[in-house]
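To start, the structure under review is shown below, and the notes come after it.
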Amino acid sequence: MLVLAVDGGGLSRPVCVKSCESSVDASAFAYWGVKMAIDLSMQVLVVDDYSTMIRIIRNLLKQIGFENIDDASDGSAALNKMRAKKYGLVISDWNMEPMTGYDLLREVRADPNLATTPFIMITAESKTENVIAAKKAGVNNYIVKPFNAATLKTKIDAVFPDMQDA
């Protein structure tokens, strides 16, 4: 839904409140020089071998406004899903068996059909060497547990800087 918001200077501009998909909404944003908000209807894949964590991340994503959330229990299951369906974002735990999130990230970046998929890594460990390894492997962002919806939203916004509301 597109609404007009008035900023502090009294100027109004269109703001995407939910999902803006029609060409009318896009042209309104283009006219006003505002970039569209993140597409909350994009497919998001949550990868974790702990079902409770999948449920927590799924609920946080719903709080943010995401609608299409899929999950996988490890890296190999995620890779199979990614090869069958296009995802706009992958959020993966690092520590999983048999394929870790780090190994999944490396496989994704090595596959030309998947290489540009935005990828956020989640881990309970904040070791500097892990963060550096993930960055070198091509992770878009990194979250250390525990975290809340605001942290997750901030990390997602940083992955899609050109799609945030101006």
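Values quoted throughout were computed directly from the atomic coordinates according to the rules given, and no laboratory measurement underlies them. As the structure is a prediction and not an experimental result, all values here were calculated from the model.
Structural remarks
- Computed 3J(HN,Hα) for region 121-128, one whole-Hz value per residue from the Karplus formula 6.51 cos²θ - 1.76 cosθ + 1.60 where θ = phi - 60°, is 9, 10, 8, 8, 9, 10, 4, 4, glycine and proline marked x.
- Under the shape rule built on the C-alpha gyration tensor, where the axes satisfy a ≥ b ≥ c, region 43-161 is rounded, since a/c falls short of 1.5.
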